[in-house]
Amino acid sequence: MATGVANRMKAHFGEAIDLEIHLIDSADAANYVLRGATTVFLDGTWVPLDIATSAGRMQEYIEQAIIDWTH
């Protein structure tokens, strides 16, 4: 579920965001203590699962992050 939402957000926002998807068994995930099978990071910051699994909440989260980055 989080992977699908993250992929939709990457498609929606394109190059405006640095969104990473780490599966728990990936080499990139080895640097983190992950509790779930999928963990989403936005600009290097962990995104809470309740946000990462909701397209609407994730879009709002990213929009707010972009505003914060530009100020």
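The values are calculated or read from the model by the stated rules, or taken from the named source; none is laboratory data. Model, not experiment: these values are computed from the prediction. Please note: Cβ atoms are built from the backbone with ideal geometry, for glycine as well, and neighbour counts cover all protein chains shown.
Go through the range 1-28 residue by residue and tally those that are more than 17 Å from residue 44 (Cβ to Cβ) and in a loop (DSSP other than H, G, I, E, B).
3
Under 9 Å by Cβ, and 6 or more places apart or on different chains, what pairs join a residue from the range 4-27 that is touching a residue at least 40 places away in the same chain (Cβ under 8 Å) with one that is small (Gly, Ala, Ser) and not in a helix (DSSP H, G or I)?
Note: pairs meeting the criteria are 5/54.
Quick test of your reading of the structure: residue 57 fulfils all but one of (1) at pLDDT below 80; (2) in contact with an Asp or Glu (Cβ under 9 Å, 6 or more places away or on another chain); (3) assigned to a helix (DSSP H, G or I). Name the failing condition by number.
Just one mismatch for residue 57, condition (1).
Results for (1) basic (Lys, Arg); (2) surrounded by fewer than 17 Cβ atoms within 10 Å (Cβ to Cβ), shown as yes or no for each residue.
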{"residue": "8", "(1), (2)": "yes, yes"}
{"residue": "11", "(1), (2)": "no, yes"}
{"residue": "22", "(1), (2)": "no, no"}
{"residue": "40", "(1), (2)": "no, no"}
{"residue": "64", "(1), (2)": "no, yes"}
